[in-house]
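Chemist: Pasting a structure below so you can have a look.
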Amino acid sequence: MLNVAIIGASGYTGVELARILCNHPEVQLKLITSRQFAGQPLSQVFPSLRGKVDLVCENPNIDQLCSSADFFFAAVPHKTAMDLVPQLRQAGKKVVDLSADFRIKDIAVYEKWYQPHSSGQFIGEAVYGLPELYRQAIAAASLIANPGCYPTSIILGLAPLLKAGAIDPETIIADSKSGTSGAGRSAQVGSLFCEVTDGFRAYKVGGTHRHTPEIEQELSLLSGADIKITFTPHLLPISRGILSTVYARLKPGFNREAVDDLYHDMYADEPFVRLLPPGTLPATQYVRGSNFCDIAFAIDERTGRIIVLTAIDNIVKGAAGQAVQNMNIMCGFAETTGLETIPLFP
């Protein structure tokens, strides 16, 4: 059994990690940390875990932390992770970091969008944890930068097209909508019930969302050329789920059959990507609670544009589920272990 710890278990990503890991046959959850709830059972903080994860939240020092487990999920905010992860790696521990601190390869770009980076020497070691693109590198890695939720939905949707040169990369527009859990569990006016329910709004408009450079980095690597996109996120009055609608101009010679072949060639054997048949569109309620990414596309013959639609659960495939998928690959477990939950519907 692999001894596992969750650092920062009191947020939505942390509780989702606990939910998945408590049923994982290859791991034993040994430690959960939370400064806010130290001394309280996690099942008291999250009653959904009652009888399944009754570990008491701790606030250990780094030596106690390193001696507690062999594999760590860092579910803490950016900046906190860059101070903590290097100490875990220096102790020889494998880590999946769910913050943004090790996702962006260019330190100058990271510092422009976030803050000064104190552990830049570890960025080169980190592998971007999108298994559908980097499975072999993940298997050999000891530090994984788990992708963001919006980037996961957009990159998976566009990867086959960009690899084949099927779209004009200068025309990409990504319009994404997320449930409120994406904003985290901390109290803030913008995610209060009366601020969200019965409404629908955009935010971080004009290329200001921090996931933008992560998306552009990975799309540029797929394309082989520098890509800038227009990305606008929206807040939905639902608890979880992301629906991304991505537009681009299709290059000549790519009809529906050719595009369909691109997606099947790339994803036919992927356990967590579901390609939907023509006329069926992704919806957040059909991936809820699962590690699936549902993908469909349509071609607007009038404008020459392709419209790609993807749906994921933002705290499963967009966070905790993908993190466990990465752990499975890193540790030689079957990739789907612990992650074969059928979506929760209705």
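Chemist: So, in the range 122-137, how many residues would count as being within 18 Å of K163 (Cβ to Cβ) and open to solvent by 30 Å² or more (accessible area, probe 1.4 Å)?
Modeler: Residues in the range 122-137 being within 18 Å of K163 (Cβ to Cβ) and open to solvent by 30 Å² or more (accessible area, probe 1.4 Å): 5 in total.
Chemist: Another one. Only one of these is under 14 Å from I173 (Cβ atoms), part of a helix (DSSP H, G or I) and in contact with a strand residue (DSSP E or B) (Cβ under 7 Å, 6 or more places away or on another chain): I227, I215. Name it.
Modeler: I215
Chemist: Looking only at the range 20-67, which residues are out of contact with any Leu (no Cβ under 9 Å at 6 or more places or on another chain), in a loop (DSSP other than H, G, I, E, B) and farther than 20 Å from V85 by Cβ?
Modeler: Correct list: N23, P25, Q36, F37, A38, G39, Q40, F46, R50, G51, K52.
Chemist: Also, I was wondering about something else. With respect to S142, determine if the residue is over 25 Å from V246 (Cα atoms) and either of a type in the set (S, T, Y) or under 13 Å from the mean Cα position of the chain (by Cα) (or both).
Modeler: yes
Chemist: Could you check A140 against (1) more than 30 Å from I299 (Cα to Cα); (2) open to solvent by 20 Å² or more (accessible area, probe 1.4 Å); (3) touching a residue at least 60 places away in the same chain (Cβ under 8 Å) and say which number it fails?
Modeler: The one condition A140 does not meet is (3).
Chemist: I'd like the full set of residues that are farther than 24 Å from N314 by Cβ and either aromatic (F, W, Y) or under 18 Å from the mean Cα position of the chain (by Cα) (or both), limited to the range 227-282.
Modeler: Of everything in the range 227-282, just one residue is farther than 24 Å from N314 by Cβ and either aromatic (F, W, Y) or under 18 Å from the mean Cα position of the chain (by Cα) (or both), namely F254.
Chemist: What are the residues in the range 74-95 that are in contact with a strand residue (DSSP E or B) (Cβ under 7 Å, 6 or more places away or on another chain), open to solvent by less than 60 Å² (accessible area, probe 1.4 Å) and of a type outside the set (A, V, I, L, M), if any?
Modeler: Residues satisfying the conditions are R89, K93.
Chemist: Out of (1) touching a residue at least 40 places away in the same chain (Cβ under 8 Å); (2) part of a strand (DSSP E or B), the odd one out for D294 is which?
Modeler: Going through (1) touching a residue at least 40 places away in the same chain (Cβ under 8 Å); (2) part of a strand (DSSP E or B) one by one, D294 breaks only (1).
Chemist: Can you tell me how many residues in the range 236-259 are within 14 Å of I307 (Cβ to Cβ) and not aromatic (F, W, Y)?
Modeler: Qualifying residue count for the region: 9.
Chemist: Something else now. Of everything in the range 171-184, what is outside any strand (DSSP E or B) and surrounded by fewer than 16 Cβ atoms within 10 Å (Cβ to Cβ)? Give them in sequence order.
Modeler: A183, G184
Chemist: Among the residues of the range 315-331, are any open to solvent by 10 Å² or more (accessible area, probe 1.4 Å) and either over 21 Å from the mean Cα position of the chain (by Cα) or hydroxyl-bearing (S, T, Y) (or both)?
Modeler: So far as the range 315-331 goes, no, none of its residues is open to solvent by 10 Å² or more (accessible area, probe 1.4 Å) and either over 21 Å from the mean Cα position of the chain (by Cα) or hydroxyl-bearing (S, T, Y) (or both).
Chemist: Residues in the range 195-227 that are touching a Ser or Thr at 6+ places or on another chain (Cβ under 6 Å) and open to solvent by less than 60 Å² (accessible area, probe 1.4 Å): how many?
Modeler: 3
Chemist: Restricting the search to the range 32-50, which residues are of a type in the set (A, V, I, L, M), in contact with a Ser or Thr (Cβ under 9 Å, 6 or more places away or on another chain) and open to solvent by 10 Å² or more (accessible area, probe 1.4 Å)?
Modeler: Scanning the range 32-50 gives a single hit, V45.
Chemist: Same structure, new question: Would you mind stating whether T303 is in a loop (DSSP other than H, G, I, E, B) and among the hydroxyl-bearing types (S, T, Y)?
Modeler: Taking the combined requirement at face value, the residue satisfies it.
Chemist: Among (1) under 20 Å from the mean Cα position of the chain (by Cα); (2) farther than 30 Å from D294 by Cα; (3) modelled with pLDDT under 95, there is one condition I123 misses while meeting the rest; what is its number?
Modeler: (3)
The values are calculated or read from the model by the stated rules, or taken from the named source; none is laboratory data. Not measured: the values here are computed from a predicted model. Every residue, glycine among them, receives a Cβ derived from its backbone with ideal geometry; neighbour counts consider all protein chains shown. Accessible surface is based on the protein model in full, side chains and every heavy atom, while ligands, DNA and RNA are left aside. Shrake-Rupley method; radii C 1.70, N 1.55, O 1.52, S 1.80 Å.
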